[in-house]
1. Residues that are closer than 19 Å to N159 by Cα, at least 3 per element: which helices (runs of 4 or more DSSP H) completely within segment 10-120 meet that?
2. Give, as residue ranges, the strands (runs of 3 or more DSSP E) completely inside segment 208-280 that count at least 1 residues that are out of contact with any Leu (no Cβ under 6 Å at 6 or more places or on another chain), at pLDDT 90 or above and closer than 27 Å to Y84 by Cα.
3. For K198, state whether it is among the basic types (K, R) and at pLDDT 85 or above.
4. What number goes with the only condition from (1) within 23 Å of A131 (Cβ to Cβ); (2) modelled with pLDDT of 85 or more that A30 does not pass?
5. Would you check which residues across segment 179-196 are touching a Leu at 6+ places or on another chain (Cβ under 9 Å) and either exposed (fewer than 15 other Cβ atoms within 10 Å of the Cβ) or within 15 Å of A40 (Cβ to Cβ) (or both) and list them?
Amino acid sequence: MFIFETKRIAVVIFGAILNAISLNFFLIGANVYASGFTGAAQLVSSVFNDFIGIGVSTGILLAIFNIPVVILGWFKVGKGFTIYSIISVLFTTIFLEIIPITEISQDIILNAVFGGVIGGVGIGLTLKVGASTGGMDIIAMVLSKINDKPIGTYFLMLNAVIITLAGLLYEPENALYTLVTLYVTTRVIDTLHTRHEKVTAMIITHKADELQAAIHKKMVRGITILPAQGAYTKTDKHMMYLVITRYELYDLEKIIKEVDPNAFTNIVQTAGVFGFFRRD
């Protein structure tokens with residue numbers, strides 16, 4: 001049964017506040033675009049306002065764009081992950097509506113950099129607790145499962161469309177500044193939370209059986225358990241070796257802290273997996 005966690009919800013809401021601040025204080029006023037569905041919502045909002053004369057807010061468009069994606073995520077990604085993503089999108093929409101669009105600086109470079117940093121922190125914190133900001137995260141995960149290609153490939157495709165349209169519809173410089181924002185955002189996210197689709201966890205523990213049971217209760221992942229010995233203490237231990245997706249890192253960390261807080265865990269990037277790896 002799915003159980004809400006107060007800490008996770010609080011972090012997701014805080015991430016939503018940061019995303020709204022990034023947009024309303026820095027990016028929207030400068031016509032610099034964020035990544036993913038947020039940038040798409042910005043661009044469509046600008047087109048409606050500048051070319052059609054209809055004022056539609058970025059927050060409302062972001063919510064509308066995410067409706068079909070949330071339905072897709074519910075059935076194809078996972079209910080828990082999708083529910084937290086819904087919370088993120090909902091609160092981002094609310095904060096975009098209640099926080100006024102304010103031009104803090106007229107320097108477009110400052111807006112691009114600070115908007116990217118603050119937005120990256122918001123997204124990175126949200127990913128770190130096993131949720132997402134919705135939109136492209138969910139679509140990329142589904143497409144990655146179908147085609148077995150890296151999630152980053154699909155992020156790049158959508159962001160390339162946003163950058164191209166920004167350059168065609170507005171000043172070409174806007175596309176270049178959008179590239180700056182996307183780069184800064186990605187670097188901040190990398191600092192806070194890995195962007196790699198799969199990672200390998202190696203856990204050195206005295207409680208291998210208890211950890212194995214707890215992990216399998218929460219997630220369906222194969223685990224290899226190897227005998228190990230401390231080089232200094234000469235005590236017998238076990239090393240647990242498993243490959244997980246980046247969205248499961250939060251749950252794994254929580255399980256390890258609850259079952260064996262003294263365990264030593266090393267998380268490394270996984271470039272590829274050959275053989276059976278459960279994708280759902």
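The values are calculated or read from the model by the stated rules, or taken from the named source; none is laboratory data. Just so we're clear, the structure is a prediction, and the values are computed from it rather than from any experiment. In this analysis, Cβ positions are derived from the backbone assuming ideal geometry, glycine residues included, and neighbour counts consider all displayed protein chains.
1. Numbers: elements: 36-47, 58-76, 79-98.
Answer list for segment 10-120: 36-47, 58-76.
2. 236-245, 264-269
3. Working: among the basic types (K, R): yes; at pLDDT 85 or above: no.
So K198 does not fit the description; no.
4. So A30 meets the others, but not (1).
5. Of the residues in segment 179-196, the ones touching a Leu at 6+ places or on another chain (Cβ under 9 Å) are 181, 189, 192-195.
Of everything in segment 179-196, just one residue is touching a Leu at 6+ places or on another chain (Cβ under 9 Å) and either exposed (fewer than 15 other Cβ atoms within 10 Å of the Cβ) or within 15 Å of A40 (Cβ to Cβ) (or both), namely T181.
Yes/no per residue for (1) of a type in the set (G, A, S); (2) touching a Ser or Thr at 6+ places or on another chain (Cβ under 6 Å); (3) touching a residue at least 12 places away in the same chain (Cβ under 8 Å); (4) buried (at least 18 other Cβ atoms within 10 Å of the Cβ):
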position	(1), (2), (3), (4)
T200	no, yes, yes, no
I203	no, yes, yes, yes
D209	no, no, no, no
T224	no, no, yes, no
M240	no, no, yes, yes
E248	no, no, yes, yes
K254	no, no, no, no
N266	no, no, yes, no
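Residue by residue, here is whether (1) in contact with a Ser or Thr (Cβ under 6 Å, 6 or more places away or on another chain); (2) free of Cβ contacts under 8 Å to residues at least 12 places away in the same chain holds:
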{"site": "E5", "(1), (2)": "no, yes"}
{"site": "I13", "(1), (2)": "no, no"}
{"site": "L18", "(1), (2)": "no, no"}
{"site": "V32", "(1), (2)": "yes, no"}
{"site": "T38", "(1), (2)": "no, no"}
{"site": "P68", "(1), (2)": "no, yes"}
{"site": "L72", "(1), (2)": "no, no"}
{"site": "F114", "(1), (2)": "no, no"}
